[in-house]
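Visitor: Quick one: the structure is below, questions incoming.
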Amino acid sequence: MKINHKISICFLSAVILLSCSNKSKLPVIKPDVITENTLNDTDDPAIWIHPTDPEKSIVFGTDKETNGAIYAFDLKGKIIEDKTIRNIKRPNNVDLEYGFKLNDSTNTDILVFTEREKQQIRVFSIPDMKALDNGGFPVFEDATKPEYNLPMGVAIYKSPVDSSFYIIVGRKPGPKEGYLYQYKLASENGLLKYTLVRKFGNFSGKKEIEAIAVDAEMGFVYYADEMHCIRKYYAEPSKGSDEISCFGAEYFYRDIEGIAIAKQENGAGYLIVSDQQNGQFNLFDRNTNAFIKAVNLSTLETDGCEVVTVPLNKTFDSGLFVAMNNDKNFYFYNFSKVIK
């Protein structure tokens, strides 16, 4: 019998690649819903809770490529085409926040995402999905190297001090200090303006920083220095830019990826962080940042993740955890399954 060695080698390589992308030996927790597939390459989700009917809540997810999009999914994982934003030049990360003041009589929820190939951030209203940014806001305009102005990570911080909105943006490569830029977003007569208020955040230089998450109630911003640690800073600019901690490295196989903050009553909760090449997620205490446990959610190489901890429907009666899956889709889990 003649053996086709090329086919055998390719098959073996595929098996090795698959096994390396999900090494977790923990019990498998299956998703409750798997979304319809995107066109290119999923990356990062955000969850919008409908103000009057939680069953109509929307999960937004980036699809990163030159012909990329911000997909909108219902809670059954079906694409909502009229809420999907297409023709975006490589969107990376996405975040949202509630109650942005457009003028004296109008507030709106906003969706913010990075558009890497145009070196800018975008701002849209939710749920009508109208652009509020006149085509986009450029970022990292004073970058000292061309490769330093490629935005990737993004998070919104709504200050509990004065209700100001801030957009915190990261990039692919960057300097060892001042890696993140924090912009204040405001509206004058319905026109948005943004102002750079600080540069902060250390970078190991080992790989890149993409995942950024803000715990506005506690006043902290976390970001993943991918092969180094989870870094923690104050989110309020007036509190300074000294690093609070750099933790968690010993619990990750290699890349530290998506960060979701699960907020519970009386300040309790979790940081849920993707251990990408290990095929699992690490849970840390929201208050102490102490490691609690790891869980295997059956995803293949998760980048971004997000969570809400309020009931949405019968399937997600304890909240919703969303994880990007490396197969052009997102996995949805009832939150109680993640922490049980």
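The values are calculated or read from the model by the stated rules, or taken from the named source; none is laboratory data. On a predicted model such as this, the values are computed, not experimentally measured, just so you know. Backbone-built Cβ (ideal geometry, glycine too); neighbour counts: all protein chains shown. Note: areas computed on protein heavy atoms with side chains; ligands, DNA, RNA excluded. Shrake-Rupley method; radii C 1.70, N 1.55, O 1.52, S 1.80 Å.
Visitor: Please list 3J(HN,Hα) in residue order for the range 239-244, calculated via the Karplus relation 6.51 cos²θ - 1.76 cosθ + 1.60 where θ = phi - 60°; whole Hz, with x for glycine and proline.
Guide: Rounded to whole hertz, the list is 8, x, 10, 6, 5, 7.
Visitor: Rounded to the nearest 500, what is the 222 nm mean residue ellipticity of the chain from helices alone, with -39500 (n - 2.57) per DSSP H run of 4+ residues and division by all residues? Before the final figure, lay out each step's value.
Guide: Details: 2 runs with 22 residues, N = 340.
Value at 222 nm, helices only, nearest 500: -2000 deg cm²/dmol.
Visitor: Can you tell me the relative contact order of the chain? Whole percent, Cα pairs under 8 Å, sequence separation 6 or more.
Guide: Values: 933 pairs, mean separation 53.3, N = 340.
Relative contact order of the chain: 16 percent.
Visitor: Can you give the accessible area of Phe73, probe radius 1.4 Å, in Å² rounded to 10?
Guide: Taking all protein chains as shown, Phe73 has close to 0 Å².
Visitor: Something else now. At a 1.4 Å probe radius, which order do Leu312, Leu300 fall into by accessible area, largest first? Display every interim value, and only then the final one.
Guide: Working: Leu312 10, Leu300 50 Å².
Ranking Leu312, Leu300 by accessible area, largest first, yields Leu300, Leu312.
Visitor: Can you give the Kirkwood hydrodynamic radius of the range 254-340 from its Cα pairs, in Å with one decimal? Walk me through the intermediate numbers first.
Guide: Working: mean 1/r = 0.0777 Å⁻¹.
Computed over the range 254-340, the radius equals 12.9 Å.
Visitor: Could I have the simple spin-label model distance between Ala290 and Thr315, label points 7 Å from Cα toward Cβ, reported in nm to one decimal?
Guide: It works out to 3.6 nm between the two label points.
Visitor: Going by a ≥ b ≥ c, the root eigenvalues of the Cα gyration tensor, does the range 44-106 fall in the rounded group (a/c under 1.5), the prolate group (a/b larger than b/c) or the oblate group?
Guide: Judged from the Cα gyration tensor, the range 44-106 comes out oblate (a/c at least 1.5, b/c at or above a/b).
Visitor: Output the 0 to 90 degree angle, nearest 10, between the alpha-carbon long axis of helix 5-21 and the longest principal axis computed from the alpha carbons of the chain.
Guide: Rounded to the nearest ten degrees, it is 50.
Visitor: A follow-up question, please. Amide H neighbours of Glu208 under 5 Å, counting only residues 5+ apart in sequence or on other chains, H built in-plane at 1.01 Å?
Guide: Glu226, Met227
Visitor: Also, I was wondering about something else. Determine the shape class of the chain: with a ≥ b ≥ c the square roots of the Cα gyration tensor eigenvalues, call it rounded for a/c under 1.5, and otherwise prolate if a/b is greater than b/c, oblate otherwise. The partial results should precede the final answer.
Guide: Values: a/c = 1.38, a/b = 1.32, b/c = 1.05.
Since a/c stays below 1.5, the shape of the chain is classed as rounded.
Visitor: I would also like to ask the following. Quick check: residue separation of Glu243 and Asn134 times 0.36 nm, minus the Cα distance between them. What number comes out in nm? List each step's numbers first, then the result.
Guide: Numbers: separation 109, 0.36 × 109 = 39.24 nm, distance 3.48 nm.
35.8 nm is the gain from fully extending Glu243 to Asn134.
Visitor: Enumerate by residue number the trypsin sites (Lys or Arg not before Pro) in the range 68-131 meeting two conditions: DSSP loop (anything except H, G, I, E, B), and at most 13 other Cβ atoms within 10 Å of the site's Cβ.
Guide: Numbers: sites: Lys76, Lys78, Lys83, Arg86, Lys89, Lys101, Arg116, Lys118, Arg122, Lys130; in loops: Lys76, Lys78, Lys89, Lys130.
Qualifying residues, ordered by number: Lys76, Lys78, Lys130.
Visitor: In addition: Starting from the Cα gyration tensor of the range 210-287, take the square roots of the eigenvalues, sort them a ≥ b ≥ c, and report rounded, prolate or oblate (rounded when a/c is under 1.5, otherwise prolate if a/b is larger than b/c, else oblate). Don't skip to the end; give the middle numbers.
Guide: Working: a/c = 2.30, a/b = 1.35, b/c = 1.70.
It comes out oblate by the Cα gyration axes.
Visitor: Once phi is turned into ³J(HN,Hα) by the Karplus curve 6.51 cos²θ - 1.76 cosθ + 1.60 with θ = phi - 60°, what whole-Hz value does each residue of the range 316-329 show in order, with x for glycine and proline?
Guide: 10, 7, 10, x, 9, 10, 10, 10, 5, 10, 6, 8, 6, 8
Visitor: Do you know the Lys pair count in the range 208-340 for C-alpha distances under 20 Å, with sequence separation 8 or more or different chains?
Guide: Lysine pair count for the range 208-340: 9.
Visitor: Here's something else I'd like to know. Mind grabbing the base-10 log of I(q)/I(0) for the range 98-216 at q = 0.11, 0.12, 0.13, 0.18 Å⁻¹? Debye formula, identical points on the C-alpha positions, no solvent, two decimal places.
Guide: -0.36, -0.42, -0.50, -0.92
Visitor: Separate question: Would you check the range 154-230 for Lys pairs whose C-alpha atoms are within less than 15 Å, ignoring same-chain pairs closer than 8 in sequence, and give me the count?
Guide: Numbers: Lys158/Lys184; Lys172/Lys206; Lys172/Lys207; Lys176/Lys199; Lys176/Lys206; Lys176/Lys207; Lys184/Lys193; Lys184/Lys199.
Close lysine pairs under the 15 Å cut-off: 8.
Visitor: Kindly state, to the nearest 0.05, the FRET efficiency for Leu196 paired with Lys25, given R0 = 35 Å and r defined as their beta-carbon distance.
Guide: Details: r = 46 Å, r/R0 = 1.31.
Plugging the Cβ-Cβ distance into 1/(1 + (r/R0)^6) gives 0.15.
Visitor: Using amide H atoms built 1.01 Å from N in the peptide plane, name the residues 5+ places from Ser245, or on other chains, whose amide H lies under 5 Å from its own.
Guide: Amide H to amide H, under 5 Å and 5 or more residues apart or across chains, Ser245 pairs with Lys232.
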